[in-house]
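Structure, as structure tokens:
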């Protein structure tokens, strides 16, 4: 139906909405689903000083939501006002820029009461009795005296009964129940000193005890919610800049997840899902995480309430900082400092995954005997191997470890070059131990006092070269090595033009090239750390990156990625045979290089196995 033109509309179309309709409209903004109602009620309990909060739901929260707390409670007068719109105890003054509570709109209780049956029972600790009020579909009852425990109990039944259209948009009871649990867990992270209990249909009861108020209370709460492995892989964060304090715990880069759901941010006690903070976390982990993986992390931002606007979203899930650049820079810098401080540490779960892969799977009858019959009767180890070009700055490779043996060489590359000399006691005491062998020409086996370490030589050296080049670029510029004979690399004309346009920027990264006709470039200098690498493949990959990014500004923002690409081509390759001193030199350099626990692509560079775990694998324990 076409609306009437303005000059044909009858007078008197503007009218005041009925109070109940106003409350229902407000409820549509505040209460999107049962989890939204639970969040509002739990926040009220926290603002009331509760130290124990219990949540019970039925039917995913549609039939029943009951929130019980041991907070300060309310008097009869306060209870009558609490269900009125725009009435609140959380704004002692009229200053909207000094919010010290989790909510102040004064809309949660009347909004819930407008779309459901709301029963509030409350009692102050110094009162002889409690008080109760019922709001049914927006109709408020009288405040009546009743027996009650100190604190407040709120029951919401038949949610959305007054607005049945909203029920069509809800998910299954199980999905809504899980959303309630997640909402409570986020609030529990922000308030580790409070005990939280969630029970009801379609969920496993959650009981989070109060963790106290000491410095590690947050770590204990995060470990309960994110898994026990979080504690072993957590890195503390503590930074302050211009009145903004950042705390919490990050995790080692190799302890990553498939979604961003495990990134938790708390701003002045309020859990938020803020794009600025999420983007800063991604930037902080940019060099050490695969593109499709995310860290598990709990960040706590504390600042003057005047520096952050918490009223930008009806559900209070987003905030707006007065100086977003300051907050982003603080988070990125603190995360990078924490990850660098972790040094060569790798996730504690790497060894568990390795042991799980080594444990024999159940075999059908007769399979073990058939496999045993296929095992060669003699073990074969090759100790003499062909000399290869040495690593830049490292000693020349040995021609072999000890004298050649009479054993025949093994098939393919399944050879092991073992160190005939006993390991040095000093090396055994190092975090990554003493190198004992190289197998498959890619993996270094090292022995420690407590077990053994398996190192991916290519991934490890790739990170070492990358960090060395980043340090050189930040200090005095990347050292370059002149090629005696320029390397000519053939490319399509478009790629040549893009490389030529970025020649000055690439030169600052140590890669000096110039056009060599319409379809080729001549490489005259390369970073000294990459000497001897595959120059042709390096130039082709850089050209592909320029094709993807486009302009110079994009390249400037991705200089670290270009360095990572270069480092990959300059690192010791898989299949490169190393002598014992080269392997030990690699281990010692890893121990003093930040972020060496993972390569430039976010994969682990080594796994550590405890001797006790290995003994269990063989049934010795």
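Being assigned to a helix (DSSP H, G or I) and at pLDDT 85 or above narrows it down to one of 513, 464, 432, 483, so name that one.
Values: 513 fails: assigned to a helix (DSSP H, G or I); 432 fails: assigned to a helix (DSSP H, G or I); 483 fails: assigned to a helix (DSSP H, G or I).
The conditions single out 464.
Working only within the range 532-542, note down all residues that are in a loop (DSSP other than H, G, I, E, B) and surrounded by fewer than 16 Cβ atoms within 10 Å (Cβ to Cβ).
Looking only at the range 532-542, we keep the residues that are in a loop (DSSP other than H, G, I, E, B), and these are 532-534.
Within the range 532-542, 532, 534 meet the criteria.
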Check your understanding: Out of all the residues in the range 283-334, which are in a loop (DSSP other than H, G, I, E, B) and within 25 Å of residue 243 (Cβ to Cβ)?
Key -> 303, 304, 310, 311, 312, 313, 316, 317, 318, 319, 322, 323
Check your understanding: Among the residues of the range 105-118, is there at least one that is modelled with pLDDT of 95 or more and farther than 28 Å from residue 318 by Cβ?
Key -> no
Check your understanding: Within the range 497-510, which residues are part of a helix (DSSP H, G or I), in contact (Cβ under 8 Å) with a residue 40 or more places away in the chain and touching a strand residue (DSSP E or B) at 6+ places or on another chain (Cβ under 6 Å)?
Key -> 499
Exercise for review: Output the residue which, of all residues in the range 162-185 that are free of Cβ contacts under 8 Å to residues at least 60 places away in the same chain and surrounded by 16 or more Cβ atoms within 10 Å (Cβ to Cβ), is nearest to residue 266 (Cα to Cα).
Suggested key: 185
Check your understanding: Would a scan of the range 451-460 turn up a residue that is in a helix (DSSP H, G or I), touching a residue at least 24 places away in the same chain (Cβ under 8 Å) and more than 18 Å from residue 537 (Cα to Cα)?
Key -> yes
**Study point:** Every residue from the range 240-282 that is assigned to a loop (DSSP other than H, G, I, E, B), surrounded by 18 or more Cβ atoms within 10 Å (Cβ to Cβ) and at pLDDT below 85
**Key:** 253, 254, 255
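Just checking, how many residues over the range 602-613 are in contact with a helix residue (DSSP H, G or I) (Cβ under 8 Å, 6 or more places away or on another chain) and surrounded by fewer than 20 Cβ atoms within 10 Å (Cβ to Cβ)?
The total comes to 3.
The values are calculated or read from the model by the stated rules, or taken from the named source; none is laboratory data. Predicted model only: the values in this text are computed from it and were never measured. Cβ coordinates were reconstructed from backbone atoms using ideal geometry, including for glycine residues, and neighbour counts include every protein chain displayed.
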